[in-house]
1. Every residue in region 190-206 that is in contact (Cβ under 8 Å) with a residue 12 or more places away in the chain and surrounded by fewer than 17 Cβ atoms within 10 Å (Cβ to Cβ), please.
2. Name the pairs whose Cβ atoms lie under 9 Å apart, with the first residue in region 21-43 and under 26 Å from residue 55 (Cα atoms), the second loosely packed, with under 10 Cβ neighbours inside 10 Å and modelled with pLDDT under 80, and 6 or more positions between them or separate chains?
3. Return the residues of region 150-194 that are within 21 Å of the chain's Cα centre (by Cα) and more than 20 Å from residue 67 (Cβ to Cβ); say none if nothing qualifies.
4. Filter region 160-183 down to the residues that are touching a helix residue (DSSP H, G or I) at 6+ places or on another chain (Cβ under 9 Å) and farther than 21 Å from residue 91 by Cα and list them by number.
5. Residues that are touching a residue at least 60 places away in the same chain (Cβ under 8 Å), over 22 Å from residue 200 (Cβ atoms) and under 18 Å from the mean Cα position of the chain (by Cα): find the strands (runs of 3 or more DSSP E) completely inside region 52-149 holding 1 or more of those.
6. Residues of region 194-211 being in contact with a strand residue (DSSP E or B) (Cβ under 6 Å, 6 or more places away or on another chain) and in a helix (DSSP H, G or I), which ones?
7. Would you please list the contacts, defined by Cβ atoms under 7 Å and residues six or more apart or on different chains, that run from a residue in region 154-182 that is assigned by TED's automatic domain parsing to the domain that holds residue 208 and surrounded by fewer than 18 Cβ atoms within 10 Å (Cβ to Cβ) to a residue that is at pLDDT 95 or above and part of a helix (DSSP H, G or I)?
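The values are calculated or read from the model by the stated rules, or taken from the named source; none is laboratory data. Remember, it's a predicted structure, so these values are computed and weren't measured experimentally. With ideal geometry, Cβ positions are generated from the backbone for all residues, glycine too; neighbour counts draw on all protein chains shown.
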């Protein structure tokens with residue numbers, strides 16, 4: 001079945017939890033009809049708190065390099081996530097998460113967000129979703145200085161572990177076809193780091209990831 005933003009939204013809805021909260025803003029039609037009938041036809045308008053989607057999502061997306069061939073599907077996913085989740089925070093990284101991320105690809109080196117600050121800013125109520133192909137040299141994950149862009153002091157694996165510890169509800173969405181995963185050493189390394197919570201960017205994969213995150 002084709003992915004597409006509409007189908008992705010349906011898959012993502014497995015994660016949505018609605019709570020009635022906040023100010024009374026919404027007409028409760030069923031209750032109004034019931035009370036009016038019980039009140040001998042005198043109109044008795046009943047209101048209720050509006051429904052809000054209260055799921056919080058922290059989305060970390062790999063950009064550039066081998067991810068370029070997945071741009072369309074990842075953009076469809078991002079578009080659907082933005083629509084479905086009111087409480088969404090997102091950041092970009094390249095290949096592996098290190099000590100900083102960014103929100104604007106054009107200003108990625110001038111507007112950095114320290115990963116430690118991100119860890120402190122959001123609480124464990126956030127569901128953490130990585131999106132990336134995990135395709136790189138294993139050295140980039142496992143070694144200090146492994147980044148292809150700058151000399152990172154700590155290995156990417158350290159940062160992945162910090163993130164998954166801080167946000168125990170997490171999953172990794174991989175746009176690479178699942179059939180090639182076994183041939184990529186770096187994917188095996190990353191799968192181990194994320195406790196095998198890696199899912200393909202397919203409708204079935206998204207549904208399974210959302211089911212895991214909603215537990």
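1. The initial filter retains those residues of region 190-206 that are in contact (Cβ under 8 Å) with a residue 12 or more places away in the chain, namely 190-191, 193-195, 197-203, 205-206.
Passing the criteria: 195, 203.
2. Pairs that qualify, where the first residue is under 26 Å from residue 55 (Cα atoms) and the partner is loosely packed, with under 10 Cβ neighbours inside 10 Å and modelled with pLDDT under 80: there are none.
3. Within region 150-194, 158, 161, 162, 164, 165, 166, 167, 168, 169, 192 qualify.
4. 178, 180, 181, 182, listed by residue number.
5. Working: elements: 56-62, 87-93, 127-131.
Output list reads 56-62.
6. 205, 208, 209
7. Close Cβ pairs satisfying both conditions: 161/193; 162/119; 166/119.
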